[in-house]
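Undergrad: The following block contains the structure, expressed as structure tokens.
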Protein chains: 2
Amino acid sequence: MKTIVAGVDIGGTNTVVGLVTRDGECIAETTFPTQSHINFNKYLERLASEISALIKMQPSTYSLVGVGVGAPNGCYNTGNIVDAANLKWKGSLPLGSGLNSHLNVPIAVSNDANAAALGEMLYGGARGMKNFIVITLGTGLGSGIVVDGKLVLGSDGFAGELGHTAVKAYGRQCGCGKSGCLETYVSAPGLRRTAFKLLADSIEPSALRNYSYDQISAKQIGNLAEQGDAISIEAFEYTGAILGMKLADVVAILSPEAIFLFGGLSNAGRLLFEPTKRHMEKNLFSNFRNKVQILPSGLNGENAAVIGAAALIWQDLDKNV
Amino acid sequence: MKTIVAGVDIGGTNTVVGLVTRDGECIAETTFPTQSHINFNKYLERLASEISALIKMQPSTYSLVGVGVGAPNGCYNTGNIVDAANLKWKGSLPLGSGLNSHLNVPIAVSNDANAAALGEMLYGGARGMKNFIVITLGTGLGSGIVVDGKLVLGSDGFAGELGHTAVKAYGRQCGCGKSGCLETYVSAPGLRRTAFKLLADSIEPSALRNYSYDQISAKQIGNLAEQGDAISIEAFEYTGAILGMKLADVVAILSPEAIFLFGGLSNAGRLLFEPTKRHMEKNLFSNFRNKVQILPSGLNGENAAVIGAAALIWQDLDKNV
């Protein structure tokens, strides 16, 4: 018998399910739309049947021993999804217990940033590290924090909301109801907001002036920056300045070995990493200077989220061996 | 035989040594000036002899089994004091190994905020808590962070430098060489700086206008506030606004059950706690609202620092049982 787990990445648009070995290899994957189901129970049924179907397609020697789920606002302590901004089902959704009643195996639930952090620790660039942080940069900004080899969950399972720390009082309006949150500056939409702020502040000609706000993507701003567009380059500089300043705070509090940037916006590479590192160093308390690495994820980009989700349950199963 | 440890609190002015039982009772205490010694080795000799003398004064059934030291920039991992701002001896000072060679018992070194956090966990208001933070408010602002029942030391043993996170770019000059650090706003000197800023900004009459900067203390500003002096009250409001805002960040990152305010400035009580709590709640991400307590230290004020230092070594000794 060969044991295997399912890793599930629940996004606002799609749910991705993969089967992942103890070595972090994703041997099969499938995708289905998240929100086309009439209610959360129907969604759970679909998710369970997709996992079962994927298992049935494997050699009969494979046995499912657990499911790890990375979900928006997923709480490790309760297994619930709680008031996720990008899901239409509100309140507290019993994801862990619901999935367990369908599949009868242990289920581990957490948010996608915690899943990414465990994935990095078990299979990625953080192998051998005890203290590190993963920042996920996409529609929002999430963070998974590892201290002394363990995921920091906090008293309620919701630690790691770095995206909702304050950049400044009376700053940009955030979807969470506050203003000035880090993710309103540092995320794919944050970069777009910054580009439009710079277009307003400056009289510099820019290819950006041909795009509407709804047209332009973070990836396109990156492409324009690569082509030398000054405002686009400045947008990354501004983003890195704010991220670097806040990372200096996080380093002062937690003293990690490394900070990994993960997800969509991190693909901008040097455009984002260089100003982030420079501004972090500038803002660091002297004890911490030139010690902390800022690194890209060491996980295979394509399956990274699913492998991270699988790491959640592999770590749980390892503990119980 | 009754086992006992020495708790040592090294301050810029005085060193306090106490003998502390496993139950956290300080049964004897002595004090000597820290910086009257010609070099660090002479200081170490004096410290060891003060501890030995204190033991000799006890019934012969008492046996010293370890020493815990809370010291500025004390590093748990190495046992060294590294470039402490308020000590005249610079570089890396081998406190742990030096003391061990004199006394031949295990030595645990950390900074005073970490000592306070362990003291709170073993003997104070954090008994039974797994996730909490202690903020020490005196000449500076220190923090000791406990996650999942363990002190957060970070990759180099220097985690917890919340005092050097950023309130704002181009803010007040800090002794650490940066500007805008939290401790330039929230500490005893920070309160004084705020009071003088408010005297400059406002035309309100105030008893504070009779004091020079070097004359007035944080305690006196507290007394004037209690008597209804508007600028003094406003100085606490401003201090609480900044501390509350930064604590909201820390809660978003770590999700603690409680935050303890410890040391000199925390004695201002309601004057400080009320605006801090109010502004923290205002800045909290919705998940965390009305969950996190802000509490005074539960340790006996007089011996708190020494009991905290003793907790450092008791926790180490407990691990090895």
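Undergrad: In this structure, is A:G79 more than 14 Å from chain B (Cβ to nearest Cβ), in a loop (DSSP other than H, G, I, E, B), in contact with a helix residue (DSSP H, G or I) (Cβ under 7 Å, 6 or more places away or on another chain) and without any contact (Cβ under 8 Å) to a residue 60 or more places away in the chain?
TA: The answer is yes for A:G79.
Undergrad: Every residue in segment B:11-27 that is hydrophobic (A, V, I, L, M, F, W, C) and either within 16 Å of B:V65 (Cα to Cα) or in contact with a Pro (Cβ under 9 Å, 6 or more places away or on another chain) (or both), please.
TA: Scanning segment B:11-27 gives B:V17, B:L19, B:V20, B:C26, B:I27.
Undergrad: So which residues in segment B:58-92 are under 26 Å from B:Q315 (Cβ atoms) and among the aliphatic types (A, V, I, L, M)?
TA: Of everything in segment B:58-92, those that are under 26 Å from B:Q315 (Cβ atoms) and among the aliphatic types (A, V, I, L, M) turn out to be B:L64, B:V65, B:V67, B:V69, B:A71, B:I81, B:V82, B:A84, B:L87.
Undergrad: Additional query: Can you tell me which condition A:G74 does not meet? The list is (1) surrounded by 15 or more Cβ atoms within 10 Å (Cβ to Cβ); (2) away from every other protein chain (no Cβ under 14 Å), and all the others hold.
TA: Evaluating A:G74 over (1) surrounded by 15 or more Cβ atoms within 10 Å (Cβ to Cβ); (2) away from every other protein chain (no Cβ under 14 Å) leaves (2) as the failure.
Undergrad: Which one of these does A:T139 not meet: (1) over 14 Å from the mean Cα position of the chain (by Cα); (2) among the polar types (S, T, N, Q); (3) assigned by TED's automatic domain parsing to the domain that holds A:L272?
TA: Of (1) over 14 Å from the mean Cα position of the chain (by Cα); (2) among the polar types (S, T, N, Q); (3) assigned by TED's automatic domain parsing to the domain that holds A:L272, only one is false for A:T139: (1).
Undergrad: In addition: Could you tell me whether B:S202 is away from chain A (no Cβ under 12 Å) and either charged (D, E, K, R) or surrounded by fewer than 18 Cβ atoms within 10 Å (Cβ to Cβ) (or both)?
TA: Yes; evaluated as a whole, the condition is true for this residue.
Undergrad: Right, another one. Considering each of A:D214, A:D229 in turn, give the residue that is modelled with pLDDT of 95 or more and charged (D, E, K, R).
TA: A:D229
Undergrad: Within segment A:1-14, is even one residue of a type in the set (D, E), surrounded by 17 or more Cβ atoms within 10 Å (Cβ to Cβ) and outside the structural domain of A:L151 (by TED's automatic domain parsing)?
TA: Yes, because at least one residue in segment A:1-14 is of a type in the set (D, E), surrounded by 17 or more Cβ atoms within 10 Å (Cβ to Cβ) and outside the structural domain of A:L151 (by TED's automatic domain parsing).
Undergrad: Does segment B:82-91 contain any residue that is more than 10 Å from chain A (Cβ to nearest Cβ), assigned to a strand (DSSP E or B), of a type in the set (A, V, I, L, M, F, W, C) and in contact (Cβ under 8 Å) with a residue 40 or more places away in the chain?
TA: No, that holds for no residue.
Undergrad: Sticking with this structure for a sec: Could you tell me which of the residues A:F273, A:F262 is at pLDDT below 95, aromatic (F, W, Y) and assigned by TED's automatic domain parsing to the domain that holds A:G138?
TA: A:F262
Undergrad: Looking only at segment B:182-194, filter to residues that are in a helix (DSSP H, G or I) and within 14 Å of chain A (Cβ to nearest Cβ); which one of those is nearest to A:T165 (Cα to Cα)?
TA: Going through the qualifying residues, I end up with B:L182.
Undergrad: Which of the numbered conditions does A:F132 fail, given that it passes all the others? Conditions: (1) crowded, with 21+ Cβ neighbours inside 10 Å; (2) modelled with pLDDT under 95.
TA: If we test A:F132 against (1) crowded, with 21+ Cβ neighbours inside 10 Å; (2) modelled with pLDDT under 95, just (2) comes out false.
Undergrad: If a residue has to be out of contact with any Ser or Thr (no Cβ under 9 Å at 6 or more places or on another chain) and away from chain B (no Cβ under 14 Å) to count, how many in segment A:236-251 make the cut?
TA: Going through segment A:236-251 one residue at a time, the tally reaches 1.
Yes or no, residue by residue, for (1) within 9 Å of chain B (Cβ to nearest Cβ); (2) touching a strand residue (DSSP E or B) at 6+ places or on another chain (Cβ under 6 Å); (3) closer than 23 Å to A:E161 by Cα:
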| position | (1), (2), (3) |
| --- | --- |
| A:E234 | no, no, no |
| A:I253 | yes, no, yes |
| A:H279 | no, no, yes |
| A:Q293 | no, yes, yes |
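Undergrad: Suppose the filter is outside any strand (DSSP E or B), among the hydroxyl-bearing types (S, T, Y) and modelled with pLDDT under 95; does B:S36 pass it?
TA: Considered against the rule, which asks whether it is outside any strand (DSSP E or B), among the hydroxyl-bearing types (S, T, Y) and modelled with pLDDT under 95, B:S36 comes out as yes.
Undergrad: Let me ask something additional. For segment B:103-181, which fully contained strands (runs of 3 or more DSSP E) count at least 3 residues that are more than 12 Å from every other protein chain (Cβ to nearest Cβ)?
TA: Strands (runs of 3 or more DSSP E) meeting the threshold: B:107-110, B:132-137.
Undergrad: Another question about this same structure. Among the candidates B:A113, B:A200, B:A188, B:A159, single out the residue that is hydrophobic (A, V, I, L, M, F, W, C) and in the same structural domain as B:I313 (by TED's automatic domain parsing).
TA: Every option except B:A113 fails the conditions.
Undergrad: Does B:T194 satisfy the condition of being touching an Asp or Glu at 6+ places or on another chain (Cβ under 9 Å) and either surrounded by 24 or more Cβ atoms within 10 Å (Cβ to Cβ) or not small (G, A, S) (or both)?
TA: Considered against the rule, which asks whether it is touching an Asp or Glu at 6+ places or on another chain (Cβ under 9 Å) and either surrounded by 24 or more Cβ atoms within 10 Å (Cβ to Cβ) or not small (G, A, S) (or both), B:T194 comes out as yes.
The values are calculated or read from the model by the stated rules, or taken from the named source; none is laboratory data. In this text the structure is predicted, and so the values were computed from the model without any measurement. Positions of Cβ are backbone-derived with ideal geometry, glycine not excepted, and every protein chain shown enters the neighbour counts.
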